[in-house]
Amino acid sequence: MSIHMHMRAVAEPEIRDDHTWLAAFMRTAWENHPAADAAKSWELPIYGGRPVAHSADADPSDPPLGILDPPGVSQAADFLASVSFDELWNLAGAQLVWSGWDEAPVRQEFLDHHRHLRDFYGRAATTGHAVVRAVWA
């Protein structure tokens, strides 16, 4: 089973707090994405924000959705800009390399994800955008 998380930075006034609308918005964003063929000051709020409840007329197959408001986006951007990937890897890297896997490519994949998240949240924070998150299983 694979899980795909897709995030979009959106100006907060453009977001409707409506599950049906957000599901359609995120589905369109996912289909148009080139890759469609992804409380404490030290905690990263990537998975934070508020969930958007399914409405009565929502498609039950729609993904779980969440909205991280601009202050949370800024918190995530600040964290990602200040945290050392090497320190994170030293703390948790061994738990992310499964038996028989070569550590170097696994580390590089996580480093690439870290850089993409840092850049994404940095751009979103700079523009004052919120982040909409959808998770497809």
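Just checking, which of 92, 134 is at pLDDT below 85 and within 13 Å of the chain's Cα centre (by Cα)? I'd like the intermediate steps shown before the answer.
Details: 92 fails: within 13 Å of the chain's Cα centre (by Cα).
None of the other options fit; the residue is 134.
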State all residues of the range 78-137 that are polar (S, T, N, Q) and either outside any loop (DSSP other than H, G, I, E, B) or closer than 24 Å to residue 14 by Cα (or both); if no residue qualifies, say none. 82, 90, 95, 108, 126, 127
Selected residue [in contact with an Asp or Glu (Cβ under 9 Å, 6 or more places away or on another chain), among the acidic types (Asp, Glu) and modelled with pLDDT of 90 or more] from 112, 69: 69
When you go through (1) surrounded by 15 or more Cβ atoms within 10 Å (Cβ to Cβ); (2) modelled with pLDDT of 80 or more one by one for residue 30, which number turns out not to apply? (2)
Consider residue 77 carefully, then state whether it is within 16 Å of residue 119 (Cβ to Cβ), modelled with pLDDT of 85 or more and either of a type outside the set (Ser, Thr, Tyr) or over 17 Å from the mean Cα position of the chain (by Cα) (or both). yes
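The values are calculated or read from the model by the stated rules, or taken from the named source; none is laboratory data. Note that the coordinates shown come from a computational prediction; the quantities given were computed from them, not determined experimentally. Cβ atoms come from the backbone with ideal geometry, glycine included; neighbour counts cover every protein chain shown.
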